[in-house]
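This report concerns only the one structure given below.
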Amino acid sequence: MTTARKRVIIVGTGFAGIRAARGLCGSGLDVLLLDRTNYHLFQPLLYQVATAGLEEESIAYPIRAMIRGWKNVSFRRCEVTGFDLTGRRVVTDSGELAYDYLVLAGGSVTNYFGNEGIASQAFDLKSLGDADRLRNSILCAFEEAVSEQDPVRRVALLTFVVVGGGPTGVEFAGALSELMRHVLSEDYPSINGDESRVILLEAAPSILTAMPQRLQTYAIRKLTDMGVEVRCSTMVSDASPNVVRLASGEVIAAHTLFWSAGVKASPLADMLPCPKGAGGRIPVGSTLTLEEHDEVFVVGDMAYCMEKGSPLPMMAPVAMQQGHHAARVILAREAGTTLPLFKFTDKGAMATIGRSAAVASAHGFNVSGYAAWLAWLLLHLYYLIGFRNRIVVMLNWAWYYWFHERQVLLITSTIGQHARKRE
């Protein structure tokens with residue numbers, strides 16, 4: 001009589017979930033991945049889909065194709081609706097699933113800090129659908145501006161406000177400015193280049209606050225040279241159709257508002273009866289498990305993990321290392337050996353600003369310009385899943401580098417073309 005294999009359920013197929021599954025494949029455990037989408041999404045490049053630089057398919061990879069050679073790993077597409085921690089069951093829209101170990105890697109969602117006005121008007125970038133809607137809105141704004149006779153509305157159509165001076169906001173603002181200055185200016189000759197504006201707003205005194213001052217200054221100077229209006233120490237208080245209101249009382253006429261000023265834990269965290277940290281994240285210790293349920297792991301953006309007196313950032317490198325570590329702890333438990341303790345290895349940070357311009361900081365070395373840009377390209381190609389995806393992305397980047405031309409200038413929705421994601 002054979003003994004049933006123990007089951008590990010991993011909720012989420014982002015960076016943390018995939019790393020956990022890869023670490024457990026072939027271990028003799030039954031590993032089941034759950035997600036409501038059937039693909040792994042490389043979120044760091046979503047902004048390039050939104051700015052017509054890449055096709056959607058080039059930054060996503062089917063889960064079933066990915067795990068095809070992973071022994072004892074399977075996938076089920078479903079929606080998780082709850083957890084029974086006492087009974088060790090995951091509740092989904094297709095039934096309940098029992099587990100011996102549970103790894104929660106549900107990621108994060110955009111945090112609007114309770115401001116419903118901004119939430120109803122702003123775009124964000126957390127999914128392929130978000131990127132598609134944002135690209136449609138940008139292109140539709142130019143199409144409409146061509147024939148718009150009202151000068152006030154024309155100004156709003158051609159004004160794009162980006163909130164948040166972290167890597168996502170900086171990269172999106174730079175890519176959008178390049179799209180407008182080098183591509184859309186050629187496609188829409190009746191629109192004067194000075195009419196279109198990209199405004200980057202940051203509440204802190206500078207952008208890219210996690211990086212050294214020299215790199216912050218370089219990024220601001222480079223963005224300014226590219227035509228981006230960078231405004232630090234500036235907070236957004238509210239938004240309504242075609243209007244962005246600042247805390248200072250200033251009103252900016254803008255048709256498109258992009259929000260990258262904060263994230264919070266996935267709504268999955270609210271389903272767990274345990275204390276929450278900042279951003280709704282779930283506190284975990286050095287084994288990345290819940291205090292009262294050591295068979296439940298929380299990794300990635302959902303985890304509130306303290307190191308050196310502060311929580312680890314909600315970033316892909318943290319998620320990947322935590323997913324891998326959760327797998328190590330599970331294997332150590334099964335082997336009856338000492339449990340390893342999680343310690344994050346900071347490999348640095350980087351952000352691209354535009355063509356041949358980026359900033360990178362790692363192990364005390366601070367690099368800007370072409371060298372940092374080249375390092376950014378190579379690192380993202382390395383972590384992108386799928387040989388075909390790497391080739392497609394590399395060819396797109398090479399084409400744009402040499403010809404300043406973007407091929408994904410497609411408006412794929414004409415119904416509610418300016419609708420925000422919540423409408």
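Its Cα centre serving as origin, region 160-311 has a Cβ charge dipole (Lys and Arg +1, Asp and Glu -1) of approximately 440 debye. Among Leu208, Ser120, Val170, whose Cα lies farthest out toward the positive end of the dipole of region 114-213, if unit charges sit on the beta carbon of Lys, Arg (+1) and Asp, Glu (-1)? Of the candidates, Leu208 comes out farthest on the positive side. Given +1 at the Cβ of Lys and Arg, -1 at the Cβ of Asp and Glu and no other charges, the dipole of region 234-376 around its Cα centre is 420 debye to the nearest 20.
For the cross-link pairs Lys6/Lys71; Lys308/Lys343; Lys222/Lys347, the ones whose C-alpha atoms lie over 18 Å apart are Lys222/Lys347. Counting only DSSP beta bridges with both residues in the chain, the antiparallel share comes to about 50 percent. For Asp238, the residues whose amide H sits under 5 Å from its own are Arg245, ignoring neighbours fewer than 5 places away on the same chain, with H placed 1.01 Å from N. Per-residue Karplus couplings for region 87-93, computed as 6.51 cos²θ - 1.76 cosθ + 1.60 with θ equal to phi - 60°, are listed in order as x, 6, 9, 9, 9, 10, 6 Hz, Gly and Pro entered as x. Computed packing ranks the peptides 318-328, 241-251, 222-232 as 318-328, 222-232, 241-251, most packed first, by mean other Cβ atoms within 10 Å. When each of the peptides 309-315, 145-151 is scored by how many other beta carbons lie within 10 Å of its residues on average, the order from highest to lowest is 309-315, 145-151. If you fit an axis through the alpha-carbon atoms of helix 128-147 and take the longest principal axis of the Cα set of the chain, what angle between them do you get, 0 to 90°, nearest 10? In the chain, helix 128-147 runs at an angle near 10 degrees to the longest axis.
Roughly how tilted is helix 15-24, in degrees to the nearest 10 and between 0 and 90, from the longest Cα axis of the chain? It works out to around 30 degrees. Shape index of the chain: Rg/Rh, with Rg the Cα radius of gyration and Rh the Kirkwood radius from the inverse mean 1/r over Cα pairs, equals 0.99. Between 0 and 90 degrees, the angle of helix 167-178 with respect to the longest Cα principal axis of the chain falls at about 40 degrees.
Given C-alpha coordinates of region 192-278, what is the ratio Rg to Rh with the Kirkwood estimate of Rh?
Using only Cα positions, Rg/Rh for region 192-278 is 1.08.
Database remark: amide H of Phe123 closer than 5 angstrom to the amide H of Leu257, Phe258, Trp259 (H placed geometrically; neighbours at sequence offset of 5 or more, or on other chains; Pro and chain starts carry no H).
Dividing the helix sum by the residues of the chain, where each DSSP H run of 4 or more adds -39500 (n - 2.57), gives a mean residue ellipticity at 222 nm of -9500 deg cm²/dmol.
With K and R counted +1 and D and E -1, the other residues having a Cβ less than 9 Å from that of His182 yield a net charge of 0.
Values quoted throughout were computed directly from the atomic coordinates according to the rules given, and no laboratory measurement underlies them. Since the model is a prediction, treat every value here as computed from it, not as a measurement. No Cβ is skipped: glycine too gets one built from the backbone with ideal geometry, and neighbour counts run over all protein chains shown.
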